[in-house]
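*Asks:* Here you go, one structure.
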Amino acid sequence: MTTTNMRESKKWLKASIVYVRSYNKESINQNGADEQEKVIRQYADKEGYSILKVFRDEASGKSLKRHSFEEMIDYVRANKGGVKFLLVINVSRLTCSVADYNRIKQFLRAHKIILVSITESLLREAGKQPK
């Protein structure tokens, strides 16, 4: 296998999608979608994840009826087996509902996708418990 093929193979192994969500008042602070995406991209570069697509919503996390969230679900279904990881800044960006979180985890598990919560991963690496 050539070096280029090995690199491409490694990228496929860490094929990822990104989901960022902000709510109107968050757009101007560190929770804004631009800041979330920046941090996720830095983490992905450092850890060797290959970002296939970024999905962005500006909406409340109280409902899963969000345009880009639904688009992300459709993308996963259309690319079955092609997505290995879902990168988020933290789980609260996906949903504020425990019941919805469990549905999302079940969907990801069914599609063999690993959820990576960046801030919670970094806290674990530092030996701290996420809040």
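*Asks:* Working only within region 102-130, note down all residues that are at pLDDT 90 or above, under 13 Å from Tyr43 (Cβ atoms) and of a type outside the set (Ser, Thr, Tyr).
*Replies:* Residues of region 102-130 at pLDDT 90 or above: 102-118.
In the following step, the residues that additionally are under 13 Å from Tyr43 (Cβ atoms) were identified as 116-118.
Val116, Ile118, listed by residue number.
*Asks:* Counting only residues that are touching a residue at least 60 places away in the same chain (Cβ under 8 Å) and of a type outside the set (Val, Ile, Thr), which one in region 75-91 is nearest to Ser22 (Cα to Cα)? Give the derivation first.
*Replies:* Within region 75-91, the first condition is being touching a residue at least 60 places away in the same chain (Cβ under 8 Å), and the residues that meet it are 82-89.
Within this subset, residues satisfying the condition of being of a type outside the set (Val, Ile, Thr) are 82, 84-87.
Numbers: Gly82: 27, Lys84: 24, Phe85: 21, Leu86: 17, Leu87: 15 Å.
That would be Leu87.
The values are calculated or read from the model by the stated rules, or taken from the named source; none is laboratory data. As the structure is a computational prediction, the values presented were derived from the model and not from experiment. Reconstructed Cβ throughout: ideal geometry from the backbone, glycine too, with neighbour counts over all protein chains shown.
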